[in-house]
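The values are calculated or read from the model by the stated rules, or taken from the named source; none is laboratory data. Everything numeric in this text was worked out from a predicted model, so none of it was measured. Every residue, glycine among them, receives a Cβ derived from its backbone with ideal geometry; neighbour counts consider all protein chains shown. Surface accessibility is based on the protein's heavy atoms, side chains included, excluding ligands, DNA and RNA. Shrake-Rupley method; radii C 1.70, N 1.55, O 1.52, S 1.80 Å.
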Amino acid sequence: MPVFDKGALGVGFLSEYSIYDFDQGSGPTAFGEPWDDTTGQRINLRYSHTLDEQWSLSLAGGVESARETGASFDDSLLYTLAGGAQYTINKDLKVGLFAAAQTSLEDDTTFFAIPGVEWQFAEQWKLSAGIGRAPGLGVEWQSVDRQWNIGLRTRFESREFRLAEDNALAPGGVGADRRVPVYLDVDWNLSEQFSLNAMFGMSFEQRLKYQDSTGTTLDRTDMDPTPFFSFGVAFRF
């Protein structure tokens with residue numbers, strides 16, 4: 001939504017329900033059944049402001065609830081604040097630097113910086129890292145009529161969620177999973193207002209971990225690479 005003369009405000013909402021199904025295995029190294037299904041809701045606000053033809057600034061913040069089914073909502077809140085600047089070198093190259101702070105359910109707040117680049121290195125090809133239409137690192141091809149966008153992308157994903165008080169292994173503790181997905185991202189733009197999306201890929205370097213209510217890690221396990229896919233529909237107003 002445009003605001004002021006050179007500003008734009010974005011609002012994002014997300015609601016997610018994740019189904020976990022564990023093979024408990026056997027023997028002393030069996031991971032067990034660390035948690036049930038999880039749910040989460042998130043709201044994000046982002047303001048971007050164009051200073052001139054080369055410089056633009058952005059500020060974003062969000063609040064998220066991530067929890068095992070039955071866990072306390074109040075104990076599951078996570079907060080994020082980020083800001084940065086982007087500089088347009090020419091019509092084919094943009095660079096940026098962004099800083100962010102993210103709270104944790106039990107550990108200290110995490111601070112990190114994200115350098116970014118968006119490089120149109122050929123007429124229909126673009127390389128992006130940190131900025132662009134999707135997070136992470138990616139190479140994207142766009143058809144001449146702009147009807148098709150096909151990208152090969154990867155990024156690091158990590159999330160944590162509050163465990164329920166009746167959790168068998170860590171009542172009121174924290175569950176976490178991380179992964180590095182590598183995927184093909186396909187957009188079919190049927191019109192300026194309507195598009196379809198599909199993603200197909202594999203998740204690597206997957207690890208599950210759970211902590212007790214004091215933040216002490218009780219166990220962790222690495223998982224084999226896992227295939228995934230998704231489909232989506234987008235409407236623009």
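For this structure, a couple of remarks:
- The residues of the stretch 192-222 that are assigned to a loop (DSSP other than H, G, I, E, B), open to solvent by 60 Å² or more (accessible area, probe 1.4 Å) and not polar (S, T, N, Q) amount to a single one, Glu192.
- Options Glu123, Glu106, Glu68: the member that is more than 22 Å from Thr217 (Cβ to Cβ) and acidic (Asp, Glu): Glu123
- Strands (runs of 3 or more DSSP E) enclosed by the stretch 121-179 - at least 1 residues per element that are among the aliphatic types (A, V, I, L, M) and touching a residue at least 24 places away in the same chain (Cβ under 8 Å): 148-154
- Within the stretch 130-169, the set of residues being of a type in the set (A, V, I, L, M, F, W, C) and within 30 Å of Gly83 (Cβ to Cβ) comprises Ile131, Ala134, Leu137, Val139, Leu152, Phe156, Phe161.
- From the options Ser56, Ser72, residue that is of a type in the set (S, T, N, Q) and closer than 24 Å to Gly173 by Cα: Ser72
- Test result for Ala85, more than 30 Å from Phe121 (Cα to Cα), open to solvent by less than 70 Å² (accessible area, probe 1.4 Å) and aliphatic (A, V, I, L, M): no
- Residue in the stretch 101-118 that is among the polar types (S, T, N, Q), surrounded by 17 or more Cβ atoms within 10 Å (Cβ to Cβ) and in a strand (DSSP E or B) present: no
- The stretch 150-167, subset closer than 23 Å to Asp107 by Cβ and of a type in the set (Gly, Ala, Ser), residue modelled with the lowest pLDDT: Ser158
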